[in-house]
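First the structure, in the form of structure tokens, and then the observations on it.
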Number of protein chains: 4
Amino acid sequence: MQVLKDEVRNNILTAAKKLFYQKGYNNASIRDIAKNSGITVGNVYRYFENKESVLEGVVSPVYEKIMDYIALSESYIKAGENKSFEDFRNEINSYILQITKEFRLELLILFKGTQGTRFEKTRSELISLIENRIYEGLFKRLSMEDDEAAFFSKIVARSFLESLIMVIAETEDNRKLKKMIYRLNDFYFNHLNSRFDPED
Amino acid sequence: MQVLKDEVRNNILTAAKKLFYQKGYNNASIRDIAKNSGITVGNVYRYFENKESVLEGVVSPVYEKIMDYIALSESYIKAGENKSFEDFRNEINSYILQITKEFRLELLILFKGTQGTRFEKTRSELISLIENRIYEGLFKRLSMEDDEAAFFSKIVARSFLESLIMVIAETEDNRKLKKMIYRLNDFYFNHLNSRFDPED
Amino acid sequence: MQVLKDEVRNNILTAAKKLFYQKGYNNASIRDIAKNSGITVGNVYRYFENKESVLEGVVSPVYEKIMDYIALSESYIKAGENKSFEDFRNEINSYILQITKEFRLELLILFKGTQGTRFEKTRSELISLIENRIYEGLFKRLSMEDDEAAFFSKIVARSFLESLIMVIAETEDNRKLKKMIYRLNDFYFNHLNSRFDPED
Amino acid sequence: MQVLKDEVRNNILTAAKKLFYQKGYNNASIRDIAKNSGITVGNVYRYFENKESVLEGVVSPVYEKIMDYIALSESYIKAGENKSFEDFRNEINSYILQITKEFRLELLILFKGTQGTRFEKTRSELISLIENRIYEGLFKRLSMEDDEAAFFSKIVARSFLESLIMVIAETEDNRKLKKMIYRLNDFYFNHLNSRFDPED
DNA sequence: CATGAATGAGGGTTCATTCAT
DNA sequence: GATGAATGAACCCTCATTCAT
């Protein structure tokens, strides 16, 4: 048996996933994880270098996908391929749906339970991307002062992502999830102009 | 000698407020708080039963106000005084603004830094209220299936509150804050009907 | 009581001194030290930041003295005050004797039990000083090839210091120690020329 | 199948030798040794009872030789064959040279890296022998008080051995080593009488 | 014979809480 | 009332050793 037993490794990751999800990274102890994996503390360290590596094991598949998406999306911009915001919406929605199908809990951990780790900034990097698109594609054109538009873009980007995460957290059924994500998009981005009409 | 006691108590609370805000509840230690209060560790425990009590001391004024508001708001409903959603918006906005003026940091701590404590659910209680109002005042009337409307109400309520918190966290100037909160309301609640028109 | 209780601090240092001396730094555990101090593990950390700080507490008085001596001695050289080797012998002997009177165990720990710590190189720094003096004052003048003289200077310097340490380790009586150190000097440095005469 | 076993055993010993020399006994782990031997951890324990046994495997050839030499040398004494110190010098030098040719690293490990093991005292046993010879052959005849002569004999014996070890550690070339060892002998033992003359 | 996964005791360290003074 | 020293449980991590396969 050349390779470390996959079963144990998976047990650890499964236990860690559950515990990181429930308690967050900091409050889940290696002892917890070991006990939930049915092994001893020392043995965890045969499979993972340290606690953060366990987190990495849990979260990195999703992390990589998101980072790839961000990189890809930014390369489009640099290449001058100015997609419409509509396109961007469709693009990011389909990405998120796809990732969620495979890695629902992992995604939630990555975005909610990695305080104090190197994954902490993933959320803000994704937000940064969305924020730029919102600013360029939507708010810049509205009759807002520029700094206000910028600020608002940030708030909306965060809020949109937060909503996405909430929906994912609450929806285990993928059909329903898809539906809700589309609704979310409509809710967040349709008819922006008229919302801010002063005569309302 | 109430006076002296109150001064020490306030010193503790002031230090705790600062530290909970900066580091979060879990990462702020009693030692930190004691040192920043100019008193000793042991003495903290004369004023507060344990660490969570300190949090309570910091957060309860704001907590009470919010709970009072929730209770009041719900009593209106029970009394059959059906205000319009417009009224509710104005009402909650003004409440939030008012509370923020006095208790900005406390509010942020209550909503962002109480993971693992009994205040964790404050947010969800407030959300629950908003959720009901959104459901009754807005989504029920839209052409959505009922459970979807309910679910969506929750998501939007959370998201709206989240946005409020973000704006409060980022805005120290009260004039600007007021402006942004109104914008937020417009963004979240104006022209809901047309957002979900299928022909879009 | 403004200052941490000196008695406990001293108990820790005394226990640590004993254990570092007996087992060396690495094999003496904080748990050991705590038990021998009559306190708990956690309390050690009220008095010392970490394990190396405990070592520092034990060893730094002697460390400082030796570093001061080295610095002083080197400043003489830079100033061109070329003392005879005879003078150097007297100087270093009296220094060592003086330090040993106050800090016998500490000196032994510093030179024998600090592997892997920042004090590890103290011995080699002192050796370096002695080595230079031996080379300049003694071996350079002998009919040896230069690199051999240099090499030999190093060996003798180390060996001399080692002997000093041994004598100190075995001799608790200061009168006897003094006598033995003088003998050691005679043994090491008198009549060097004739020792290497080929006709012997 | 003795052959195969021997090969593995030798691989372990070779790896252990290298690692004990580089890191010292305590800091070289069984995992390290196994990896460097190209076998597995568990298998090490088929060839050696425990970690100390591995050390024994590495060090015992040299250990035996030294013990044999000590026994032989002592049997001469008991038989009343009083050799001169000169003879003893030649004898021990040639022994050491011979051993070093075969077992340089092992010798260095035995004398430098066995702290906390049962080999710790090998050095002192050899020292004891040298010490006796020095006492009988040299210091007894000097105008020293007897206990002083005894004590000094011990110190010089240790120091001489220490110097030998240093020279061996620093000198890989056997020709040079031989030369340095002769120099060392001259340095340590020639003209002892005149060194301690009071008129110096 | 060999594997390497598993164990368990021990390492350094932190911190909420208690208690003698 | 106040002090701050002391406690003890828990944290992450390492490693010699064992054992099922």
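The numbers here are math on the coordinates, done by the rules we state, and not lab data. None of these values were measured; they are calculated from a predicted model. For neighbour counting, all protein chains shown are included, and Cβ atoms are generated from backbone atoms with ideal geometry for every residue, glycine included.
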ask   = Which distances, shortest first and in nm, link D:Arg118 to the matching position in the other copies, using label points set 7 Å out along Cα to C-beta?
value = 4.1, 4.7, 6.3
task = Mind telling me which of A:Ser124, A:Ser163, A:Ser143 comes out most flexible in a GNM of chain A, alpha-carbon contacts under 10 Å?
result = A:Ser143
ask   = Taking every residue in A:160-167, how many Cβ atoms of other protein chains lie within 10 Å of its Cβ, on average?
value = 4
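Return the calculated 222 nm mean residue ellipticity for chain D, to the nearest 500 deg cm²/dmol, obtained by summing -39500 (n - 2.57) across DSSP H runs with n ≥ 4 and dividing by the residue count.
Working: 9 runs with 154 residues, N = 200.
So the calculated ellipticity at 222 nm is -26000 deg cm²/dmol.
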query = Karplus couplings for region D:113-118 from phi (6.51 cos²θ - 1.76 cosθ + 1.60, θ = phi - 60°), rounded to Hz, Gly and Pro as x?
reply = x, 10, 4, x, 10, 6
Label-point gap, in nm, between C:Lys121 and C:Ser84 - each point 7 angstrom along Cα→Cβ = 3.5 nm
request  = Would you mind checking the pairs C:Lys154/D:Lys23; A:Lys17/A:Lys101; C:Lys101/D:Lys140 and listing those with alpha carbons more than 20 angstrom apart?
outcome  = C:Lys154/D:Lys23; C:Lys101/D:Lys140
task = Can you check how the C-alpha radius of gyration of region D:38-114 compares to 2.2 N^0.38 Å, as a plain ratio?
result = 1.45
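Counting only Cα atoms, I'd like the Rg/Rh figure for chain B, Kirkwood definition for Rh. Walk me through the numbers on the way to the answer.
Numbers: Rg = 19.7 Å, Rh = 18.6 Å.
With Rh from the inverse mean 1/r over Cα pairs, Rg/Rh is 1.06.
With charges set only on the Cβ (+1 for Lys and Arg, -1 for Asp and Glu), what does the dipole of chain A come to about its Cα centre, in debye to the nearest 20? Provide the component values of the computation, followed by the final result.
On the way: 30 positive and 31 negative charges, 217 e Å.
Computed charge dipole of chain A: roughly 1040 debye.
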message = Within 10 Å of each candidate Cβ there may be at most 12 other Cβ atoms; applying that plus a DSSP loop requirement, which GluC sites (Glu not before Pro) in region A:42-82 survive?
response = A:Glu49, A:Glu81
request  = Determine ³J(HN,Hα), in whole Hz, for all residues of region B:121-126 in sequence, where each value follows from phi through the Karplus function 6.51 cos²θ - 1.76 cosθ + 1.60 and θ = phi - 60°; x replaces Gly and Pro.
outcome  = 8, 3, 3, 5, 5, 5
note = Short to long, in 10 Å steps from zero, the percent of alpha-carbon pairs of the protein assembly as shown per bin is 2, 10, 14, 15, 12, 11, 11, 10, 7, 5, 2, 0, 0
For A:Asp6, label point 7 Å along C-beta direction: distances to other copies, nm = 4.4, 6.8, 6.9
message = Explain nothing, just the number: dipole magnitude of the protein assembly as shown about its Cα centre with +1 on each Lys and Arg Cβ and -1 on each Asp and Glu Cβ, in debye rounded to the nearest 20.
response = 1340 debye
request  = Determine the shape class of region B:106-181: with a ≥ b ≥ c the square roots of the Cα gyration tensor eigenvalues, call it rounded for a/c under 1.5, and otherwise prolate if a/b is greater than b/c, oblate otherwise.
outcome  = oblate
request  = State the extension gain, in nm to one decimal, for the chain segment bounded by B:Ser194 and B:Asp146, taking 0.36 nm per residue of separation less the distance between their alpha-carbons.
outcome  = 15.5 nm
ask   = In degrees from 0 to 90, rounded to the nearest 10, what is the angle of the helix C:51-78 Cα long axis to the longest principal axis of chain C?
value = 30 degrees
key: Part-to-part distance (alpha-carbon centres) for region D:123-200 and region C:165-191, which is given in Å   = 14 Å
remark   = With the label set 7 Å along Cα→Cβ, B:Ala71 is separated from its counterparts in the other copies, in nm and shortest first, by 5.6, 6.8, 9.3
note = In degrees rounded to 10, the 0-90 angle between helix B:146-170 Cα long axis and the longest Cα principal axis of chain B is 40 degrees
